[in-house]
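Worksheet: one structure, shown below.
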Amino acid sequence: MNASAPLDYRSAELTRKFIEQIRHITTQPWNIMEICGGQTHALLQYGIDQLLPPEITLIHGPGCPVCVTSLEAIETALQIAAQPGVIFTTFGDMLRVPGNHQDLFSARANGADVRVVVSPMDAVGLAQAEPERQVVFFAIGFETTVPSIAASILHAERNHITNFSILPANVLVPPAIHAILSSPENRVNGFLAAGHVCAVMGYWEYELIAAQYHTPLVVTGFEPVDLARGIYQTVRQLEEGRCQVENAYSRAVTREGNRTAQALINHVFEPVDRQWRGIGLIPRSGLGLRAAYRSFDALERFPVAFNTLVESPLCIAGQVLRGVATPHDCPAFSRECTPSSPLGAPMVSSEGACAAYYRYQRVKP
Amino acid sequence: MSEANFPSMQGPVCPLPLNQHDQIVIGHGSGGLMTHELIRNLFQKYLGNPTLNASNDAAILTTSNEMPAGLRLVVSTDAHIVTPLFFPGGDIGRLAICGTVNDVAMMGAQPRYLTATFILEEGLPLTTLEAVLRSMQAACKEAGVSIIAADTKVTEKGKSDGLFISTSGFGWLPEGRQIAGDQAQPGDAVLVSGPIGNHGIAVMQARGNLGFQSEVRSDTAPLNALVWGLCQAVPSVHVLRDPTRGGLATTLAEIAMQSQVCITLEEAAIPIDQPVRKACELLGLDPLYLANEGKMIIILPEADAPTALSYLRAKRYGEGAQLIGKVSAMPAGQVWLRTPLGTTRVLEMLAGEMLPRIC
């Protein structure tokens, strides 16, 4: 064996070894929350939840950026997209998220110019190519998407591209963990911290959380071996009565994270209070543009107004997002609510817990 | 050389320089002289044959000695819309031929004749149309089919999108051959003729939706020769289906429903080219749901699977054939996937459009 050869992070054998160790050390029930929707998806895709001992319960966290984008933000997006001369650009997942009456797909069918981009720089490129149009980018996502959005704004500023703006709706992970752990209904004993977010932000912030709430957090990747290792290290801490931050994804994450990216974020954005769909207002949990860049805020360019917004009374997305209910607890799950006609956002995105359950566990194997 | 300076005129008409158009204009759909010119200069040049060139309102098919008594006529129709019109590994013309040829072939039939309808948008460059027709000509030749009836309409600019092609296919099905979606039986094996997902990724890449470069090419290909040979080598084939839109997972879910059986796939056995796998991982797409235009699913008794595999692997478009799963009785109507970890999950039909995820 070549010692320098990369580990196979999909190795079934290695994954089973970690699962075996989890079985070996588990003596009592533990609830572990994976914050990130990408991890929820991967856990169900590989069926890792089926391999865990019955004492370990995985609780799916609010880490799907599509799911937690507020109804207000979606309605704002729909109104801006409908304005003449606007090219509204977004990551693909957002197209199907239901607003009050419609989604961006139907807005497109009604004549709005809604386009899917894979990067905010594509939106800046569009603005450059069509100077007579207003190009708006729907800035959603966790810390992972923010550096490229900040870079796109700086690029637009430098090149005097004045017909580009963003609708700011980015959210931050640590305030959400605070909100979950300080809630009276909390039942989470330990967290898998999202590897991609930590790759950007580092994990020093989580050390304060671990100490304040006496809760272990393990920085975890997305492959089967990563996930099994992350769960193993969390269970080991719980069984040993420790509450530290451990890094089980060191091939991508350092304690400090990507300083350049962080500086970029801080230069363009500042923390603001933000509404999370299904959860409510979380203080300083979002990113808004700093005063120097506020001219790039679509809300400054396009007046929007709407009446009271109502969620479907059947949907329990809020409880699912807070980790107090699973999609199977919802009376509408796979009945009134399916990926083709979603009532709540978690049924839309591939990272949403309801969509992941629908896709992988609608029928219990 | 000097001829090019003079517009060609046929008969006593207004000396409008008909041939100077380098793009489709409304007049090409008038049914008059410009339409005739377009048909003669382009459509007949590439797709012409005695039946089509006869220019009658309909084609007459005579049963030849290739159609002995007992053969049945198989008919299929399909509309083709793709953006962009040209993508790595194919174009709308090749797609329009192969798509319909394959639909007829999936019944175990030999496609022979096609009809084609062209919806042209005003402003379509004639060089584009010519390139598409040339590609259709090559695909027809490869598949051994001819276009015996065709129609062209022109829409105003903005009322359609460049070029739409609808084709219908006609083929012969030998007596006694019964291949259909409801024929899968417990104990059958499930094969796929090659790696999946290439067409879906190639088109996304051509649309500029990948955000990175990849070398994936569409697999668009006529499968009729492969099907015909396979059915002669292994007459016990129960189901053939090309997993186009919705991909392998959706197509198998349809078959499981139609046949009221359970299909269990081995995830590790499903052939996926490395660049396709990488693109899917970067974008959060599932290759099992990506479109294919030159692949087929074969379901047949397990005992005949080795013969079928060695036949397929020796033939063009079947080189990458693999055994990917098996059919059991219960739970009827479902498709399961066994992961390399030994866990299982249910595969559903694709709901709506597949969208790249965010992070």
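Every number in this text was worked out from the coordinates using simple rules, so none of it is lab data. For clarity, every value in this text was computed on a predicted model and none was experimentally measured. In this analysis, Cβ positions are derived from the backbone assuming ideal geometry, glycine residues included, and neighbour counts consider all displayed protein chains.
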Where both residues lie in the range B:188-346, what percent of DSSP beta bridges are antiparallel, nearest 5? 85 percent
Quantify how strongly other chains surround peptide A:47-54 by giving the mean number of their Cβ atoms within 10 Å of each of its Cβ atoms. 3
If you project the alpha carbons of the range B:188-346 onto their three principal axes, what span does each projection cover, largest first, in Å? 45, 36, 26
Peptide A:115-122, shielding by other chains (average Cβ, 10 Å cutoff): 3
Any of B:295/B:326; B:141/B:295; B:45/B:153; A:17/B:326; B:45/B:141 with alpha carbons more than 25 Å apart? Name them for me. A:17/B:326
For residues of B:334-344, the mean tally of beta carbons on other chains within 10 Å: 6
Taking every DSSP beta bridge that has both residues in chain A, what percent is antiparallel when rounded to the nearest 5? 25 percent
So for chain A, using the alpha carbon gyration tensor with a ≥ b ≥ c as root eigenvalues (a/c under 1.5 gives rounded; past that, a/b versus b/c decides prolate or oblate), I'd call it prolate
How fast does the range A:18-123 diffuse by Stokes-Einstein, in µm²/s, taking the Kirkwood radius from C-alpha pairs at 20 °C and 1.002 mPa s? 129 µm²/s
Centroid-to-centroid separation of the range B:34-49 and the range A:13-76 [C-alpha atoms, Å]: 61 Å
Taking the alpha-carbon centre of each part, the distance from the range B:187-237 to the range A:140-205 in Å is 40 Å
Cα pair distances of the range A:146-202 binned at 5 Å [whole percent]: 4, 13, 18, 16, 13, 11, 10, 6, 4, 3, 0
For the range B:297-336, place one equal point scatterer on every Cα, skip the solvent, and apply the Debye formula. What is log10 of I(q)/I(0) at q = 0.21, 0.28 Å⁻¹? -0.70, -0.98
Can you tell me the alpha carbon radius of gyration of the range B:135-218 divided by the globular rule-of-thumb value 2.2 N^0.38 Å? 1.62
Would you please give the FRET efficiency between residue B:79 and residue A:212, computed as 1/(1 + (r/R0)^6) with r the Cβ-Cβ distance and R0 = 45 Å, to the nearest 0.05? 0.15
Kindly list the residues of the range A:289-306 that lie in the label zone of residue A:100, defined by a backbone N under 17 Å from the point 7 Å along the Cα-to-C-beta vector. A:303-306
Local net charge near residue B:141, Cβ-Cβ under 13 Å (Lys/Arg +1, Asp/Glu -1): +1
Suppose we keep just the alpha-carbon trace of the range A:317-359; what are its Rg and Dmax in angstrom? 8.8, 25
With the convex hull built on the alpha-carbon atoms of the range A:129-244, volume per residue in Å³ sits at 132 Å³
Note: the protein assembly as shown, point scatterers on Cα, Debye, no solvent; log10 I/I(0) at q = 0.05 Å⁻¹ equals -0.30
Considering only C-alpha atoms, what is the centroid distance from the range B:283-343 to the range A:87-116, in Å? 36 Å
Using a cut-off of 15 Å between alpha-carbon atoms, which aspartates and glutamates can reach residue B:159, once sequence neighbours fewer than 8 places away in the same chain are excluded? B:121, B:122
For the pair residue B:131 and residue A:291, how long in nm is the line joining their label points, each one 7 Å along Cα→Cβ? 5.4 nm
According to the Cα gyration tensor, what semi-axes, each the square root of 5 times an eigenvalue, does the equivalent ellipsoid of the range B:21-173 have, listed from largest to smallest in whole Å? 27, 18, 12
For the range A:232-365: span of alpha carbons on each principal axis (Å, largest first): 52, 52, 24
Taking the inverse of the average 1/r across all pairs of different Cα atoms in the range B:197-272, what Kirkwood radius in Å do you get? 15.0 Å
Can you run the Rg to Rh ratio on chain B? Use alpha carbon positions and the Kirkwood inverse-distance Rh. 1.03
